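So the structure is just underneath, and the comments pick up after that.
The values are calculated or read from the model by the stated rules, or taken from the named source; none is laboratory data. As the structure is a prediction and not an experimental result, all values here were calculated from the model. Counting neighbours? That spans all protein chains shown, and the Cβs are built from the backbone with ideal geometry, glycine included. Only protein heavy atoms, including side chains, enter the accessible area calculation; ligands, DNA and RNA are left aside. Shrake-Rupley method; radii C 1.70, N 1.55, O 1.52, S 1.80 Å.
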Amino acid sequence: MSSKVKVSRTMELEFGGLLGALLLPALLPCTMLYLLIACRSEAASVLSVSFPLPAMGQLWDPQALLLVLAWLGFQGLLYLLPLGKVTQGMPLHDGTRLSYRINGLHALVITALLAAVGISCGLRLSYVHDRCIQLSVAATIASFVLSAFLYTRSLFVPESALAPGGNSGNLVYDFFIGHELNPRIGTFDLKYFCELRPGLIGWLIIDLAMLMKEWETQGSPSLAMLLVNAFQLLYVLDALWHEEAVLTTMDIVNDGFGFMLAFGDLSWVPFTYSLQAHFLVGHPQELPIPAVVTIVLLNALGYYIFRSANSQKNTFRRNPSDPRVAGLETIPTATGRQLLVSGWWGLVRHPNYLGDLVMALAWSLPCGVAHALPYFYVTYFTALLIHREARDEHQCRKKYGSAWNAYCSRVPYRIFPYLY
Ligand code: NDP
């Protein structure tokens with residue numbers, strides 16, 4: 001990128017501004033730990049964690065840290081393998097584009113094959129269940145160290161390499177939100193690597209470890225556990241199959257790489273998204289067949305909405321004359337790009353979020369309705385997507401002006417038809 005292009009100062013601070021940036025790095029890891037401890041207690045109650053809490057010394061395990069570092073190193077090596085195609089990202093401020101290797105699915109397949117070989121040779125994957133808290137603490141330490149490294153190196157890069165949203169000049173805020181847009185060591189893109197691989201594949205490994213633990217303790221995996229594993233496997237497979245789509249997301253295009261994404265990718269996603277499987281190990285559920293059928297249908301409906309909405313927009317953005325989208329109604333904008341106002345994007349302004357939330361509900365239902373804890377994901381995810389929708393809306397209004405207002409009046413609901 002040309003070092004002459006300057007990124008203007010960030011004036012609008014997000015996530016509660018400076019206060020949010022100060023509190024969230026403490027609050028998020030504590031929430032994650034609290035949920036994990038609650039999940040392992042007999043009551044599994046979000047309101048009353050059973051005592052005694054693990055002593056601070058028990059949270060720290062050097063072996064867990066070594067394992068997390070080995071995992072990151074292993075996924076890093078897979079990322080470097082010359083497998084899969086190399087594609088171009090979205091244009092940067094100066095019009096240049098970065099190259100990205102699309103081999104996340106290869107990384108998943110190789111990891112799955114090695115895990116299968118390991119298990120058949122006697123590897124006790126249930127260790128991940130037993131030391132889950134220590135592993136989550138180790139992953140959090142790794143996220144903090146990575147964020148400190150990212151912020152330090154961002155002080156030495158040309159101003160043109162900074163993120164438009166992470167250039168406030170305030171150390172705390174820029175550390176949290178991410179100061180540099182695309183930190184790279186050679187061709188190794190740190191943000192792109194963390195976005196889909198160690199966390200998403202790690203999430204599946206944790207799910208599988210919970211299944212193995214249940215197998216060990218109860219003699220066989222339950223139907224509820226198999227459903228949670230299968231649904232989340234489908235979700236991660238889908239994300240890696242469509243890995244190229246991540247290059248157009250807010251995370252890659254706008255957001256810098258700082259604590260928010262580093263902690264989210266390396267700790268929060270694998271350890272809190274696997275809470276349902278974790279919960280089932282200590283709180284087995286009997287699911288009647290009609291409930292199984294309903295949950296499977298609900299997940300299929302959510303996936304159908306999520307996938308068709310995302311594919312419709314991606315196809316349209318790549319080639320508006322594609323016969324699959326050419327018949328859809330559109331609104332022109334001053335930028336030359338168009339906005340879809342029929343099809344999925346005419347139903348609500350974020351149909352893909354709607355599908356994602358329907359799936360999130362289907363992932364919690366196998367855990368029964370007696371506990372609130374396995375519903376943490378769908379509750380948190382609703383809040384996250386409502387907030388993300390507002391951030392995206394703000395960006396789109398800046399980008400498209402009156403055309404965006406016209407779209408909003410044609411499509412008044414944001415995520416839930418006739419509700420919100
Ligand atoms: P989206 O895929 O929803 O993309 C938003 C962008 O789409 C807008 O900025 C705009 O960009 C374009 N757009 C908006 N409306 C229209 C329209 N009517 N016609 C054409 N283009 C339009 O962004 P996200 O990155 O938020 O989500 C991607 C997927 O990832 C979603 O399915 C979401 O559910 C999922 N997700 C999952 C998370 C998880 O933790 N599991 C976290 C976050 C997201 P432009 O006009 O510039 O193309």
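Where nothing but the Cβ of Lys and Arg (+1) and of Asp and Glu (-1) is charged, how large is the charge dipole of segment 287-420 around its Cα centre, in debye to the nearest 20?
Using only the charged Cβ atoms, the result is roughly 480 debye.
For A370 and K399 in one chain, what is 0.36 nm times their gap in residues minus the Cα-Cα distance, to one decimal in nm?
Using 0.36 nm per residue and subtracting the Cα-Cα distance, I get 5.9 nm.
So, counting K/R as plus one and D/E as minus one, what does the shell of residues with Cβ under 14 Å around N319 add up to?
+4
Can you give the calculated 222 nm mean residue ellipticity of the chain, where each DSSP H run of n ≥ 4 adds -39,500 (n - 2.57) and the sum is split over every residue, rounded to the nearest 500 deg cm²/dmol?
-18500 deg cm²/dmol
At C30 and I331, where each label point lies 7 Å from the Cα along Cα→Cβ, what is the point-to-point distance in nanometres?
For C30 paired with I331, the spin-label model returns 4.3 nm.
Give me the accessible area of T217, 1.4 Å probe, in Å² rounded to the nearest 10.
80 Å²
What's the FRET efficiency of T87 with M250 using the Cβ-Cβ distance as r and R₀ = 22 Å, to the nearest 0.05?
0.75
Once R0 is set to 51 Å, what does the formula 1/(1 + (r/R0)^6) return for the Cβ-Cβ distance between C408 and T294, expressed as a FRET efficiency to the nearest 0.05?
Plugging the Cβ-Cβ distance into 1/(1 + (r/R0)^6) gives 0.90.
Could you check which residue among F279, F316, F175 shows the biggest mean-square fluctuation in a GNM of the chain with a 10 Å Cα cutoff?
F316
Of the peptides 136-146, 9-19, 95-105, how do they stack up when ordered by the mean number of other Cβ atoms within 10 Å, highest first?
Descending mean neighbour count gives 136-146, 95-105, 9-19.
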